[in-house]
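This report refers to the structure that appears directly beneath it.
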Amino acid sequence: MEQVEQQQGATAERRVGKRHSAVLLLGKLCGEVPGVCLVHNISTHGLMARFVDPPQVGDSICVEVRGLAPARGTVRWVRGKKAGVQFDSPQPYEQIFSTENADGTIPRPPRFPVTLTADVRLGDRKFAAEMVDVSAGGAKLAAAHPVQPGLAGQIILRPMGTPIFGTICWVKEGRFGFRFVSPLPIDTLAAIVARR
């Protein structure tokens, strides 16, 4: 009984401030080799996330999520693929719920720079393109072939061979945005980012 009370007391001390559970935000691990995580809850002082490649207790990491600048922190606990990170300094986490940034732009999930070749299929047309960056919801590609917004089709990343269906949402100066029909699972996104 005394041990249970001590554990409850330790938990109460650890959890300071308001938390939001079931947030489910895509997180980008910043650094030389970017990684992917899924943030389950976040507060001014830290976050809990599921990692594809779990960190170790004591690791210093940097995480970027929609609406917040990259935040440094220390891993305080790890259970399986989940880990708790304590921020080095308080973060204005309420910004993740904003529909507009301070500069008037729309907050968006972090994007991962990549350099991968993709086969693009739009109706009966097929051509090669270079994937420039990717997020769970879409990708930016560069191609010599002209395309138009609104066209639906698929892209197939050559190293993976898996078709990803979506729609061209914008075109500008030889590049275009491809919005996925459904968000990529975190493991699929992590596999793409790892091949960058």
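The values are calculated or read from the model by the stated rules, or taken from the named source; none is laboratory data. If you're wondering where the values come from, they're calculated on a predicted model, not measured in any experiment. Counting neighbours? That spans all protein chains shown, and the Cβs are built from the backbone with ideal geometry, glycine included.
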Would you confirm, using the coordinates I've provided, whether V4 is of a type in the set (V, I, T) and at pLDDT 75 or above? no
For region 149-157, check the following and say yes or no: at least one residue is closer than 20 Å to H40 by Cβ, buried (at least 16 other Cβ atoms within 10 Å of the Cβ) and not aliphatic (A, V, I, L, M). no
Somewhere in region 105-115, is a residue in contact (Cβ under 8 Å) with a residue 60 or more places away in the chain and more than 21 Å from L68 (Cα to Cα)? yes
For region 48-94, give me each residue that is touching a residue at least 40 places away in the same chain (Cβ under 8 Å), of a type in the set (A, V, I, L, M) and surrounded by 18 or more Cβ atoms within 10 Å (Cβ to Cβ). V65
In region 147-196, the residues that are farther than 17 Å from F127 by Cα, among the basic types (K, R) and in contact (Cβ under 8 Å) with a residue 40 or more places away in the chain: R179, R195, R196
Condition met for A102 (more than 13 Å from F178 (Cβ to Cβ), of a type outside the set (F, W, Y) and in contact with a Phe, Trp or Tyr (Cβ under 8 Å, 6 or more places away or on another chain)): no
Verdict on T188 being on the phi < 0 side of the Ramachandran plot, of a type in the set (V, I, T) and more than 16 Å from the chain's Cα centre (by Cα): no
